[in-house]
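Peer 1: Dropping the structure in here first, questions after.
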Ligand SMILES: [Zn+2]
């Protein structure tokens, strides 16, 4: 077993992830699509897990998915956080925080992405998180 970390998911920009973070900053969650077979992959994929092709495009996610598994992290001071693997409607899995989740969230629960932006003047990148249900405020036009 791997002990829980206190640092949370890292959000560090590099040449590979710049387009991903730029899209998040504009309010869009992107996933990768294989140029050879069109398989959709998680954002961190470096090659296609199906055909091993190395060229992947960025495409917009619907932002909707279902919880695969969730855990409550109580190792960050007085505010427990719920972390989840979410299977996006289009297929890829994304690990992110579930906000406003009250304790454990059952597998299969529908969730919608919300983008968390750095505080004004703060450093860091915009990152995806999820809320339970269909977020009425998430416009994706
Ligand atoms: Zn492929």
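Peer 1: Restricting to segment 8-49, and then to whatever is within 20 Å of residue 86 (Cα to Cα) and loosely packed, with under 15 Cβ neighbours inside 10 Å, can you tell me which residue is modelled with the lowest pLDDT?
Peer 2: Ranking the qualifying residues of segment 8-49, first place goes to 8.
Peer 1: Please go through (1) within 16 Å of the ligand (Cβ to nearest atom); (2) more than 24 Å from residue 21 (Cβ to Cβ); (3) crowded, with 19+ Cβ neighbours inside 10 Å for residue 92 and return the number of the only condition it doesn't satisfy.
Peer 2: All conditions are met except number (2).
Peer 1: Among the residues of segment 67-84, are any touching a strand residue (DSSP E or B) at 6+ places or on another chain (Cβ under 8 Å) and within 20 Å of residue 26 (Cα to Cα)?
Peer 2: Looking through segment 67-84, none of the residues is touching a strand residue (DSSP E or B) at 6+ places or on another chain (Cβ under 8 Å) and within 20 Å of residue 26 (Cα to Cα).
Peer 1: Report yes if some residue within segment 109-126 is loosely packed, with under 13 Cβ neighbours inside 10 Å and either more than 23 Å from residue 21 (Cα to Cα) or within 16 Å of the ligand (Cβ to nearest atom) (or both); otherwise report no.
Peer 2: no
Peer 1: Let me ask another. Please go through segment 40-67 and pick out each residue that is assigned to a strand (DSSP E or B) and either touching a helix residue (DSSP H, G or I) at 6+ places or on another chain (Cβ under 7 Å) or more than 10 Å from the ligand (Cβ to nearest atom) (or both). Before you say what the answer is, go through the steps one by one.
Peer 2: Residues of segment 40-67 assigned to a strand (DSSP E or B): 40-41, 56-60, 64-67.
If the condition is that a residue be assigned to a strand (DSSP E or B) and either touching a helix residue (DSSP H, G or I) at 6+ places or on another chain (Cβ under 7 Å) or more than 10 Å from the ligand (Cβ to nearest atom) (or both), then 57, 58, 59, 60, 64, 65, 66, 67 are the ones that fit.
Peer 1: Which condition number in (1) within 16 Å of the ligand (Cβ to nearest atom); (2) assigned to a loop (DSSP other than H, G, I, E, B); (3) touching a strand residue (DSSP E or B) at 6+ places or on another chain (Cβ under 8 Å) is the one that residue 103 fails?
Peer 2: Every listed condition holds for residue 103 apart from (1).
Peer 1: Step by step: first the residues of segment 18-39, then only those that are within 14 Å of the chain's Cα centre (by Cα) and under 24 Å from residue 108 (Cα atoms), then the one that is nearest to the ligand (Cβ to nearest atom). Which residue is that?
Peer 2: 32
The values are calculated or read from the model by the stated rules, or taken from the named source; none is laboratory data. All of these numbers come straight from a predicted model, not from anything done at the bench. Note that we place each Cβ from the backbone using ideal geometry, even for glycine, and neighbour counts take in every protein chain shown.
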